[in-house]
Amino acid sequence: LSQVFPLRVLTLSCSLSLGENCTRVYIGVCRIAMVDLDKKTKKNNGSVKTVTNGQTNAPSSSSNTNDASRPPVTEATVDSTVRSVSRLIQALIFAAVLQVLYRALVEAYTIRLHAINEYGRVIHEFDPYFNYRATEYLYEHGWQAFCTWFDYLVWYPLGRPVGTTIYPGMQVTAVALKNYVLTDMSINDICCFIPAWFGVTATMAVFALSFECTRSTARYESIFSTIPLVKDIYQLLFKPVLEFVWNGILVKITGGDWGLGRVHRKPTAPAGSFRTPWMCATAAAWIMSIVPAHLLRSIGGGYDNESIAMTAMVLTFAVWTRALRDTPETNGSGWLPGTMLWGALTGVAYFYMVAAWGGYVFVLNVIGVHASVLVLLGRYSTKLHR
């Protein structure tokens, strides 16, 4: 355990879990101390006197001058100090989160390089070696020849039309890295390291997905009050009848109107609740970096489709949830460039998923089910169909 979770990482994790509570306690102590100091200052200014030869004299002019020159401790001063301290502590927590995330990425990469460090830069198993042969052919002969390649050395004696029976996303990725990024590395070395590289990127994608899912900014609204044509038909024809049925029967039975015709928001986290999204995202990144199910498909030398498909899958979910984020600027209405941009990125990530792995249908089904559940739960918005 000490090798997987270094002591400093555990210390930072504990500090994160205690960070917000310590911040609140420190802020409370600061408020009490400063208010108490203000009371003592006012009391001393009004009651300090000097005694000389049995006679009580007024405070000296120098004392009055010092007290007058001292700025009073006001509520604004207390709030300003508290805000400064709060920002400082949040910055420290954010720095600790980045450090923990960095350690998670380092551990994810180190664990996946165990096979390469132990046995060298070799391709393992049968499917990874076929993928390596296909990558070599693509690199040496080009895309056109690859699409029409009929391999007589596999599926003997029939052979295999590789161009129409393969998902070439991984091969294209390796060749692109060889041609444009890592020109000094051999194609064999790139194929060996790709699973480890994409294991790290999958960890980062899980961090982004978890961060987005734990933000308390979900907007609730009805499909009947959003789409223009549906809204008009609903208001004129169906709403009077449904209001009678809803108010007379369903509201009394279920205790709610299922969100029809109104907009309401989920209670958001209190102001200053800085910890929850970052904590959940960091914990998810650590789990993803060492989870055995992902390690089996992303170990160095295991050059198979799942090694990059997991990254594409999680990235698709991450940008999909980001495209649905409700912000005060968008407010769930209008064809805004930000929403369309994230929607386009979702399409790009899904296209890469389709090109990389035959299990792409599961991703599409999950997104469809997620959109349907959002509608049923009263959390519909026009972003679902943009």
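Numbers below:
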quantity: In segment 276-312, residue modelled with the lowest pLDDT [restricted to those that are surrounded by fewer than 20 Cβ atoms within 10 Å (Cβ to Cβ) and within 30 Å of A95 (Cβ to Cβ)]; calculated: T276
quantity: Only listed residue being at negative phi and free of Cβ contacts under 8 Å to residues at least 40 places away in the same chain, chosen from H114, H141, H124; calculated: H141
quantity: Qualifying helices (runs of 4 or more DSSP H) (wholly inside segment 124-208; at least 3 residues being open to solvent by less than 20 Å² (accessible area, probe 1.4 Å)); calculated: 126-141, 169-176
quantity: Qualifying residue in segment 103-110 (condition: open to solvent by 80 Å² or more (accessible area, probe 1.4 Å), assigned to a helix (DSSP H, G or I) and not polar (S, T, N, Q)); calculated: no
quantity: Selection from segment 94-134 of residues that are under 30 Å from F146 (Cβ atoms) and among the β-branched types (V, I, T); calculated: I116, V122, I123
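To keep it simple, each residue is scored yes or no on (1) acidic (D, E); (2) at pLDDT below 80; (3) under 30 Å from F193 (Cα atoms).
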| site | (1), (2), (3) |
| --- | --- |
| G28 | no, yes, no |
| K42 | no, yes, no |
| N45 | no, yes, no |
| V48 | no, yes, no |
| A58 | no, yes, no |
| L92 | no, no, no |
| L98 | no, no, yes |
| V106 | no, no, yes |
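The values are calculated or read from the model by the stated rules, or taken from the named source; none is laboratory data. This one's a predicted model, so the numbers in the text were calculated from it and none came from an experiment. With ideal geometry, Cβ positions are generated from the backbone for all residues, glycine too; neighbour counts draw on all protein chains shown. Quick note on the areas: whole protein, heavy atoms, side chains included, nothing else; ligands and nucleic acids left out. Shrake-Rupley method; radii C 1.70, N 1.55, O 1.52, S 1.80 Å.
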